[in-house]
Amino acid sequence: MATNRGRDRGRGGRGWCASRSVGTQEAPIGDYVDLDEEGAWDDEVEELGSFGGPPVSTSDRANWTDSYNSILLALCIEQVRAGHYNGSQMNSDGYNAIAEGYHAKTGLMHSRMQLKNQIGILKSTYSFWRYLQTHTGLGRKPDGTVDADSDFWSSHIEGKPYLKKVLKGLPANLDQLCAIGMAWFST
């Protein structure tokens, strides 16, 4: 019977990484940067720049206001009615039409990824709002919004700062979210 000791991760043993190196590894001498020299680290960082991808500029970031979301949702509704949504995602014709329509109405040019990400955020917001409507054990404030303790909110909106708006009231553009939500979650 052959053993697999030391070669398989997660099954005991040292794992394949540990069995490969016997001694400690040392950095090549030619690549050494003396960090004790004043300013050496700063020069090295400036030289490297943002290796690994294009530089991120805040001017390229989309600023999604409630009115811009309303325009985006209206365009999404149009594309669903035009048949460019297959029940789980928009096809490329739909995204192209949304991008062109959004640019025509706002003068802003967003990439397909920016539009897709914002649509995902709007889907998540709508889904969370629907969850709040059906979740038992939550109270209601006089205006109809959810009344829950801080532990509930922190556990449900952790890592999703865009959901904090629901904490203070109804989601913006709720009528449009409900209209498109039927297409988003009908499958």
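Residues that are out of contact with any helix residue (DSSP H, G or I) (no Cβ under 9 Å at 6 or more places or on another chain) and under 24 Å from ILE77 (Cβ atoms) within segment 145-174 comprise just one, GLY169. For segment 74-115, how many residues are touching a strand residue (DSSP E or B) at 6+ places or on another chain (Cβ under 8 Å) and either in a helix (DSSP H, G or I) or under 19 Å from ALA179 (Cβ atoms) (or both)? Looking only at that region, the number is 5. Considering segment 66-90, the residues that are at pLDDT below 95 and among the hydroxyl-bearing types (Ser, Thr, Tyr) include one that is farthest from TRP184 (Cα to Cα), namely TYR85. All but one of (1) of a type in the set (D, E, K, R); (2) out of contact with any helix residue (DSSP H, G or I) (no Cβ under 9 Å at 6 or more places or on another chain); (3) surrounded by 15 or more Cβ atoms within 10 Å (Cβ to Cβ) hold for LYS123; which doesn't? Checking LYS123 against (1) of a type in the set (D, E, K, R); (2) out of contact with any helix residue (DSSP H, G or I) (no Cβ under 9 Å at 6 or more places or on another chain); (3) surrounded by 15 or more Cβ atoms within 10 Å (Cβ to Cβ), the one that fails is (2). Yes or no: segment 165-176 includes at least one residue that is in a helix (DSSP H, G or I), touching a Phe, Trp or Tyr at 6+ places or on another chain (Cβ under 8 Å) and within 22 Å of MET90 (Cα to Cα). Yes: segment 165-176 contains one or more residues that are in a helix (DSSP H, G or I), touching a Phe, Trp or Tyr at 6+ places or on another chain (Cβ under 8 Å) and within 22 Å of MET90 (Cα to Cα).
Against the criterion of being of a type outside the set (Val, Ile, Thr), in contact (Cβ under 8 Å) with a residue 40 or more places away in the chain and over 18 Å from ALA62 (Cβ atoms), TYR126 qualifies.
The values are calculated or read from the model by the stated rules, or taken from the named source; none is laboratory data. None of the values given here were measured: they were computed from a predicted structure. Reconstructed Cβ throughout: ideal geometry from the backbone, glycine too, with neighbour counts over all protein chains shown.
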